[in-house]
Structure formats: C-alpha cells, structure tokens
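Beneath this line is the structure, given in structure tokens, with notes to follow.
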Amino acid sequence: MSRAGRPAEPGADGRLRCPWALSSPDYLAYHDGEWGRPIRDDRGIFERLCLEGFQSGLSWLTILRKRENFRAAFAGFEPAGVARFGPDDVARLLGDTGIVRNRAKIEAAIRNAAAALALPEGLAALVWKYADYPGSQSCVPVTLADVPAQTPGSKALARELRSKGFIFTGPVTAYATLQACGVVNDHLLDCFCRDPRSV
C-alpha cells in the first residue's frame, strides 16, 4: 500500500492515529495535542499562518523543531508587535540561526501582521468564515490519499487574504492553516483525535 493510501494506524499505546503522526515524537505530540483543535484567537491564527508560510518548500518537522525559536524571534506572534518590526529587526532575523532565514518569508510575516491588524473583524473571524464555505472540506478522510492539498474554500480564503494585503498565503498555505486551526477536521476517520470527546 502506498503511503498516501494508508488508513489510521496504531501507535505504541494502541490508539489509532493518522500515520504521519507516528514518524517522530515531535509529530506525535503535535498531532495528539494541537493539530485540528479549534484555535479562535487572532494571535493563534496569525502564528499558524506565519509558520505555514515559513514551511513552504520545507519539512513541517523542521518548523516544529524551530517553533519556540520562531516565537522568541517574532514577539510571540502578537500581530501588533510584529507589525512594528523594521529594517533592524529584519537584519536580526536574517542572522538568527534558530529560525528559517528567508528574507521574503520574514518580510511577509511583518507585512501580514499589519494586514491582520487592519481587519475590522480580526483575523480569526475572517478565517473561521470558511468553516462553512462550500467545499472547505470535501469528505471525512479515510486514508491520507483522501486529504487534499487545497480546496475551493482554501482558494477563496487565499483570494480574500490577498485582497486584504496578505502575501505568502496561497491556497495550499491557506488550507494547511485551516487544518492546523481546526477550521476543518482532517484527522482520518479512525483516528482517535477525529472525535474531540475522545482526546
């Protein structure tokens, strides 16, 4: 069976999980304790949107392992703090070996912080509008092959974010953010995290 066609698999404790969670302790902790759980505050949504942007082209495991460094470098991902970053902060971040040192992504995070602050309803409200968007979630996934990289809902979210001044927030990044923040639930059908009451 291909990796994409894998259904939920038992972990060391016997509980069925999404197979990607079993490949490292970092993934396991993230899967069991955070991924797909509802995040409804602007700071939390902004952090995940930024981290998904930094992940583009890299392994998510790289981002997870640098997450505390990112938080320290980016003022805890408080949009008001990040929006105040200037050229000295960009230089500081480019010299910080604890994060992903990509100028375009760093500058995108700063620009996106300002864009988030300009949203009258707030970033969380904007993102959560897409929970009920037609096609935001196409089905309850049984195997990894059933989990899309993007959906009509994530394409629409990406368009709206772009119209509000956000960058580095394409439909794949938007969908990963929807998944991470629990706006959509992409835990596999038999994963114990699929039902939040079992966690």
Revision key, fill the gap. Filtering the stretch 116-131 for residues that are in a loop (DSSP other than H, G, I, E, B) and either under 17 Å from residue 52 (Cα atoms) or in contact (Cβ under 8 Å) with a residue 40 or more places away in the chain (or both) leaves a count of 3
Study note, to complete from the structure: Going through the stretch 132-159 in order, the residues found to be in contact (Cβ under 8 Å) with a residue 24 or more places away in the chain and surrounded by fewer than 16 Cβ atoms within 10 Å (Cβ to Cβ) are 140, 142, 145, 149
Check your understanding: Which condition number in (1) surrounded by fewer than 17 Cβ atoms within 10 Å (Cβ to Cβ); (2) in a helix (DSSP H, G or I); (3) not β-branched (Val, Ile, Thr) is the one that residue 54 fails?
Key -> (1)
Review point. For the stretch 132-156, which residues satisfy the criterion of being part of a loop (DSSP other than H, G, I, E, B) and of a type outside the set (Val, Ile, Thr)?
Key: 133, 134, 135, 136, 137, 138, 139, 141, 148, 149, 150
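Here is a yes/no grid of residues against (1) under 24 Å from residue 58 (Cβ atoms); (2) in a helix (DSSP H, G or I):
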| site | (1), (2) |
| --- | --- |
| 158 | yes, yes |
| 172 | yes, yes |
| 182 | yes, no |
| 190 | no, no |
Check your understanding: How many residues does the stretch 81-91 hold that are closer than 19 Å to residue 53 by Cβ and in a helix (DSSP H, G or I)?
Key -> 5
Point to revise | Residue count, the stretch 38-47 (criterion: in a helix (DSSP H, G or I) and buried (at least 20 other Cβ atoms within 10 Å of the Cβ)) | key: 4
**Study point:** The listed residue being crowded, with 17+ Cβ neighbours inside 10 Å and over 22 Å from residue 128 (Cα atoms), out of 113, 73, 108
**Key:** 73
Check your understanding: Here are some conditions: (1) in a helix (DSSP H, G or I); (2) surrounded by 14 or more Cβ atoms within 10 Å (Cβ to Cβ). Residue 62 meets all but one. Which one does it not meet?
Key -> (2)
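Where a number appears in this text, it was derived from the coordinates with a stated rule and is not lab data. Keep in mind that this is a model prediction, so the values were computed, not measured. With ideal geometry, Cβ positions are generated from the backbone for all residues, glycine too; neighbour counts draw on all protein chains shown.
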